[in-house]
Structure formats: C-alpha cells, structure tokens
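To keep things clear, I will list the structure first and then write my remarks on it.
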Amino acid sequence: MLQFPARTAAPLTILKESLELRILVDWSWVEVFAMGGRVAITNLVFPKSGAQGIEFGQEGKLSDDEAMIHIAAMPRLRRLRAQESVATDKGFAALSRSKSLEFIWGRECPNFTGRGLVSLSKMPARGLGIGCRKVDDKALSTLPRFPALRELTPIAVKDEGFRHVGRCTRTAELYELPGHHRCSN
C-alpha cells in the first residue's frame with residue numbers, strides 16, 4: 001500500500017453528473033488531474049517495500065451502482081473506502097467481480113443488504129468493514145466462508161449475528177466501532 005504524508009484536497013466544482021480524472025502513478029509520486037488539467041494535485045509517495053496496489057476512496061452519491069462497476073474494473077485496486085455509499089446490492093455484486101480488491105470499508109451503506117454480502121463472499125477480500133444494519137442472519141452465515149477474510153469490522157451486527165463472526169476461523173483481527181454494536185453482554 002502507498003503511504004501518503006498527508007491528505008490533499010483541491011477546490012473543485014462538478015458541473016456534470018460525471019467527473020473524469022486522469023491519475024498518474026509512479027514509484028515516487030502521484031498526480032491527479034480533473035477537468036482537463038484545470039485542477040491538479042501532485043504528491044510524493046513513500047511506498048512500503050513490495051507495494052503493488054492502490055487505495056481509492058469514493059463516498060456517498062459518488063459510489064453508486066454505476067461507480068461500483070467502474071471501480072471493480074480497476075486492475076490493481078487493493079483498498080476501497082466507500083463510506084456512506086448509496087450503491088445497492090446490484091452495485092456490490094458488480095464490485096464483487098474485482099480481481100484485486102483486498103480491503104473494503106463502507107461503514108454506513110443504507111442500501112446494502114444480505115444479497116450484497118453474499119456477493120462479496122465470493123471475492124478475495126482480506127479485510128471487510130461494512131454496515132450490516134439490513135443484512136439478515138442467513139447472509140451473515142456466509143462470513144465464515146469468505147475465502148481470504150483476515151480482518152473484520154462487523155458494523156451494526158445484531159447480537160445473534162455474532163455467532164457467525166465467531167465462526168470466522170481465518171480472521172486474525174476483529175475490530176469494533178464504538179457506538180455501532182449494541183451487544184447485550
């Protein structure tokens with residue numbers, strides 16, 4: 001994973017429904033151009049030894065079903081932050097077709113249900129942190145069958161769902177978000 005010394009932002013007013021970005025990545029820098037180069041960001045990067053992937057964040061309305069199709073097609077994407085994603089299960093099914101995505105963070109995803117979780121269970125994700133408020137017990141039972149799951153943040157999972165979390169024998173790290181789990185004991 002690439003390590004950035006700081007988070008960088010640039011003022012940008014999106015005038016259309018879509019935004020085209022040109023992203024150039026080299027061993028020591030990343031450049032992002034928007035609006036034909038009228039807005040640009042350049043950063044030095046300090047990759048860890050052996051780093052080969054990219055992390056991408058797209059939140060809210062920008063991570064809808066259509067965006068998930070394009071995100072899944074990014075050939076070297078390793079980490080995705082899609083917090084407050086409006087994608088439905090159709091979008092998460094499209095995302096599950098990614099061949100490289102290893103970590104997914106989607107803290108609150110109001111349209112994510114059991115069908116979306118079952119779709120994700122077929123991909124090589126090593127880390128998952130996603131809001132499961134609308135995920136039913138049957139879908140949660142697929143958690144132990146995720147083929148590569150090592151890190152799990154079960155967000156908004158009800159008490160009875162934690163029996164499935166406990167069966168994730170390959171999971172080495174389990175995280176809890178304060179205020180997102182209402183366990184009785």
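Read the figures in this text as sums done on the coordinates, not as results from a lab. Please read all numbers here as calculations on a predicted model, not as lab measurements. Using ideal geometry, Cβ is built from the backbone for each residue, glycine included, and neighbour counts are taken over all protein chains shown.
Please give the length that would be gained between Phe162 and Asn43 if that part of the chain were fully extended, namely 0.36 nm times their separation in residues minus their C-alpha to C-alpha distance (nm, one decimal).
Net length gain for the segment: 38.7 nm.
If I model a spin label at Lys99 and Glu20 as a point 7 Å from the Cα along the Cα→Cβ vector, what separation in nanometres do I get?
Inter-label distance under the simple model: 2.6 nm.
For segment 89-185, which GluC sites (Glu not before Pro) are both in a DSSP coil and crowded by at most 13 other Cβ atoms within 10 Å?
Listed in order of number, the matching sites are Glu176.
Rounded, prolate or oblate: which fits segment 52-174, taking a ≥ b ≥ c as square roots of the Cα gyration tensor eigenvalues, rounded meaning a/c under 1.5, else prolate when a/b beats b/c? Display every interim value, and only then the final one.
Numbers: a/c = 1.80, a/b = 1.30, b/c = 1.39.
In terms of gyration-tensor shape, oblate.
Among the aspartates and glutamates, which fall within straight-line cross-link reach of Lys61, defined as a Cα-Cα distance under 20 Å, with same-chain neighbours fewer than 8 residues apart omitted?
Glu17, Glu20, Glu84, Asp89, Glu108
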